[in-house]
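Each value in this text was obtained by applying a stated rule to the coordinates, not by laboratory testing. These numbers come from a predicted model, not from an experiment. Cβ placement follows ideal geometry from the backbone for every residue including glycine, while neighbour counts extend to all protein chains displayed.
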Amino acid sequence: MTQLPTPDDGLGLIGEIRTFVLDGVEWRAFQYQSPVIPSSQPVLILVSATSHYEVPNCPRNWRTAPGEELIRLIE
């Protein structure tokens with residue numbers, strides 16, 4: 001079983017957690033780099049109450065981009 005990264009454990013978290021609401025769903029977005037594989041590239045994690053997505057090539061402006069733009073990265 002794969003352990004999905006969460007911002008709650010603090011391990012691998014890069015910077016602050018961003019929250020936004022889109023269509024009534026609250027999302028958390030944060031950058032993560034594996035503490036187990038330090039040479040891995042950071043990924044953008046998008047998490048809601050029922051979903052978890054990893055975006056390997058996150059845009060530099062992910063902290064300021066509209067929520068709709070971030071969700072398009074996972075479609």
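Which net charge results for the neighbourhood of ALA29, defined as the other residues with beta-carbon distances under 9 angstrom from its beta-carbon, given Lys and Arg at +1 and Asp and Glu at -1? Don't jump to the answer; show the numbers that get you there.
Working: positive: ARG18, ARG28, ARG63; negative: none.
Charge balance in the 9 Å sphere: +3.
What does the convex hull of the Cα atoms of the chain come to per residue, in Å³, rounded to a whole number? Mind dumping the intermediate values first?
Working: hull volume 7.7 nm³, N = 75.
Value for the chain: 103 Å³ per residue.
Given only helices, namely DSSP H runs of n ≥ 4 each adding -39500 (n - 2.57), what is the per-residue ellipticity at 222 nm of the chain, to the nearest 500 deg cm²/dmol?
Details: 1 runs with 6 residues, N = 75.
For the chain, the value works out to -2000 deg cm²/dmol.
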